[in-house]
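Asks: Got a structure here, written out as structure tokens. Questions coming.
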Amino acid sequence: MGRNLEYFPSIASTNQYLKARLAQENVPLGATVVADEQTEGRGRLGRPWWSPPIDGLYTSFLVYPGRQLSGILSLLVGVALSDAIRRETGLDPRLKWPNDVLVSQKKCAGILVEAGHTSQPWAVIGIGVNVLGTMPDAFGNAITLATAAQGAVDRVQLYAHMAERLEFWYESWLTEGSPPILAAWRERSLTLNQAVQVQESGHVLFTGRARDIASDGALLVEVEGQRLRRVEAGEVSIRFDNGSYTPESSG
Ligand code: BT5
């Protein structure tokens, strides 16, 4: 990862750029795009990703998973990213299903995996991390690593750890399959064993207790009086002790 690296001081979106490149030419496995700023950074469902200059790290990595993508790749990236953040900051990042990374119960990084098919199935792994400075008040549920760690964080080192850990976990997936990823994800999960609310397009579908993740990355939720329900997509909020739920998104 990162041996074929392109850097931009400013770009619309690193994911968008890599997808456009893929449509035009052969791009090697592990090709990486890094930017200091995104003017049209995106999260899931086309939501905006706040990407101000220098304070954040905005990166996309290209992989060829060899088969149509499963949810496991999102979990893999969360595990790799949490490793990298821990190494660089000493913080203890937690993972909220499917792919938010939180420190101090606030979101410090987001992951957007986009998949498609040209001559073979590809996936663009987009990672946005809030590194330096402080988050504006509008993002009540978000935090920067510098705020959480109460000290300096080196963006270049963080990037290097990210590339190394992604390569490590991707190779582990190719040789050993999902079990090591699932085990690491369960250990760092903020979601498992919590009361959760599952929503789709802003509507509450059901509430229950998150019990486990399936081998394909789906969340398994126990709903009173029913069998476990699988959640493959959608929004999952965690219920706090005071009865409120983590907002799925902030800002
Ligand atoms: C994500 O989406 O968390 C995935 C974000 C992926 C961003 C990377 S940056 C490099 C690559 N290129 C791109 O264009 N994208 C990827 P989602 O779970 O949908 O969360 C989006 C929601 O989080 C928004 O609706 C906001 O409420 C909130 N948000 C926006 N910017 C944020 C930020 N910097 N930190 C924390 N929360 C943010």
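Read-outs throughout are calculated quantities, based only on the coordinates presented, and are distinct from any laboratory measurement. Computed from a predicted model, the values in this text were never measured in an experiment. Heads up, the Cβs are rebuilt from the backbone with ideal geometry, glycines too, and the neighbour counts pull from every protein chain shown.
Asks: On a full-extension model of 0.36 nm per residue, what is the gain between Asp216 and Phe168, subtracting their alpha-carbon distance, rounded to one decimal in nm? List each step's numbers first, then the result.
Replies: Working: separation 48, 0.36 × 48 = 17.28 nm, distance 1.95 nm.
Working it through step by step, the gained length comes to 15.3 nm.
Asks: If all Cα-Cα distances of region 195-238 are sorted into 10 Å bins from 0 onward, what percent lands in each bin, rounded to whole numbers?
Replies: 32, 58, 10
Asks: Oh, and also: Please give, to one decimal in nm, the separation of the simple spin-label points placed at Gln150 and Ser104, each 7 Å out from Cα toward the Cβ.
Replies: Placing both labels 7 Å along Cα→Cβ, they lie 0.9 nm apart.
Asks: What distance in nm separates the simple spin-label points at Glu232 and Thr134, each placed 7 Å from Cα in the Cβ direction?
Replies: 4.4 nm
Asks: Whole angstrom only: what separates the Cα centroid of region 153-183 from the Cα centroid of region 185-251?
Replies: Between the Cα centre of region 153-183 and that of region 185-251, the gap is 25 Å.
Asks: Can I ask one more? Please list 3J(HN,Hα) in residue order for region 178-185, calculated via the Karplus relation 6.51 cos²θ - 1.76 cosθ + 1.60 where θ = phi - 60°; whole Hz, with x for glycine and proline.
Replies: Karplus-based 3J(HN,Hα) across region 178-185 equals 6, x, x, 5, 4, 5, 5, 5 Hz.
Asks: Please give the direction-averaged projected area of the C-alpha convex hull for the chain, in square nanometres with one decimal. Numbers along the way, then the final one.
Replies: Values: hull surface 52.9 nm².
Directional mean of the projected Cα hull area for the chain stands at 13.2 nm².
Asks: If you don't mind, another one. Taking amide H positions as placed in the peptide plane 1.01 Å from N, state which residues far from Met135 in sequence (5 or more) or on other chains have amide H under 5 Å from it.
Replies: Residues meeting the amide H criterion: Thr144.
Asks: Given 0.36 nm per residue, what is the gain on full extension from Ser10 to Gln24 after removing their alpha carbon distance, in nm?
Replies: 2.9 nm
Asks: Can you list the residues, at least 5 places off or on another chain, whose amide H is less than 5 Å from the amide H of Leu205, using H built in the peptide plane?
Replies: It is Val198, Gln199, Glu200, by chain and number.
Asks: Once you list every other residue whose beta carbon is under 14 Å from the beta carbon of Met1, what net charge do they have if Lys and Arg are +1 and Asp and Glu are -1? Intermediate results must be reported in sequence, preceding the final value.
Replies: On the way: positive: Arg3, Arg165; negative: Glu6, Asp83, Glu164, Glu167, Glu171.
Summing Lys/Arg as +1 and Asp/Glu as -1 gives -3.
Asks: Calculate how large, on average over all directions, the projected area of the Cα convex hull of region 75-189 is; give the answer in nm² to one decimal. Each step should come with its number before you reach the end.
Replies: Numbers: hull surface 30.9 nm².
Over all viewing directions, region 75-189 projects a mean Cα-hull area of 7.7 nm².
Asks: Could you give the longest part of the chain that holds none of the trypsin sites (Lys or Arg not before Pro) found in DSSP loops with at most 11 neighbouring Cβ atoms within 10 Å?
Replies: Numbers: sites that count: Arg3, Arg67, Arg227.
Here the longest segment lacking exposed loop sites spans 68-226.
Asks: Also, quick follow-up: Would you pull out the residues with amide H under 5 Å of Leu190's amide H, same chain only if 5 or more places away, H placed 1.01 Å from N?
Replies: Leu95, Lys96, Trp97
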